[in-house]
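Chemist: I have a structure I would like to understand better, so I am pasting it below and will then ask my questions one at a time.
The values are calculated or read from the model by the stated rules, or taken from the named source; none is laboratory data. For clarity, every value in this text was computed on a predicted model and none was experimentally measured. Reconstructed Cβ throughout: ideal geometry from the backbone, glycine too, with neighbour counts over all protein chains shown. With ligands, DNA and RNA removed, areas are computed over all heavy atoms of the protein, side chains included. Shrake-Rupley method; radii C 1.70, N 1.55, O 1.52, S 1.80 Å.
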Amino acid sequence: SINGSIDRRAPAIGSTTIKMLVWNVFKEQRERWDDDWRSLAKDKHLVLLQEAVHGSRSASLNNELSHWAFAPGYRTSAKLTGVATGSQVPPLVECHLANVEPWLRTPKASLITQYPLAGSEQRLLVANVHSINFSLGVAAFAKQLKQIKEVLRRHHGPVILAGDFNTWNPRRMEVLARVAGQLRLEPVKFTVDRRRTVFNRPVSHIYTRGLRLNDSTTLAVMTSDHNPIVAEFSVDL
């Protein structure tokens, strides 16, 4: 179940802080991607990847992130991509949600994982999302977020909702903001914002509840069509 008893002997995330990376890695297809990956993933407790390649070398290139959950999305004859969440400790729960692009009929994946927190009876729920992109209206986009919301609303501890939401128009952003508000999630903001934009609107976001933001930044890279987001949190015990 989403909220059951915790084995206090199990390894837990973050003794004082939680460091995380959120990045759409563009199917890991650009040169020197692995160089940026090694640097960005270093010392992170959590990594949320979109357009991750199943069975790629990303896990072997970072020994600290020894546990990986993967939700499949788009498949070709050569590779399977989706969303992947890496962590220093194994997830207690792993939930895959699947939706389909209305035009292209290709899958879009969401992945929800749950982790024990050091020094706390609470659990951290993490939703890694790659949102539906190609649609005339927002019905399919809203349906996907509602599906995620139904899982998150039953969780009573800290929450991270993050990923590539494809919020390239005002209506999409309104839907996402409304869902976040219903879940009492706060957006992470950036002093210098280098997030990928489409029609001048950022498409990747982090929302949280029950966590204190210590630091957040965005980095410019050439190894993906999206720039990575890095954030550090403390837990409100």
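Chemist: Provide the gained length on full extension for the span Ala177 to His96, in nm with one decimal, where the gain is 0.36 nm per separating residue minus the Cα-Cα distance.
Modeler: Going from the current span to full extension adds 26.9 nm.
Chemist: Taking GluC sites (Glu not before Pro) that fall in a DSSP loop and have at most 15 other Cβ atoms within 10 Å as cut points, what is the longest piece of the chain between them?
Modeler: Counting at most 15 other Cβ atoms within 10 Å as exposed, the longest clean stretch of the chain is 122-237.
Chemist: Further, regarding this structure: Would you be so kind as to identify all helices of the chain, as entire DSSP H runs, whose Cα atoms reach 15 Å or more along the helix's own axis and whose mean Kyte-Doolittle hydropathy is at least 1.6?
Modeler: Helices passing the filter in the chain: none found.
Chemist: Roughly how many debye, to the nearest 20, is the charge dipole of the chain about its Cα centre, given +1 on each Lys and Arg Cβ, -1 on each Asp and Glu Cβ, and no other charges?
Modeler: 600 debye
Chemist: Which order do His156, His96 take by accessible area at a 1.4 Å probe, largest first?
Modeler: His156, His96
Chemist: Okay, next question. With every protein chain kept in the model, how would you rank Thr191, Thr197, Thr85 by accessible area, 1.4 Å probe, largest at the top?
Modeler: Putting Thr191, Thr197, Thr85 in descending order of accessible area: Thr191, Thr197, Thr85.
Chemist: If one computes the Cα centroid of the stretch 160-237 and of the stretch 131-146, what distance in Å separates the two points?
Modeler: Using only Cα atoms, the two centres lie 18 Å from each other.
Chemist: Please calculate the 1.4 Å probe accessible area of Ser135, with all protein chains present, and give it to the nearest 10 Å².
Modeler: For Ser135, solvent-accessible area is about 10 Å².
Chemist: Continuing with this model, one more query. Would you mind checking the radius of gyration and Dmax of the chain based on alpha-carbon positions, in Å?
Modeler: Cα-based Rg and Dmax for the chain come out at 16.6, 50 Å.
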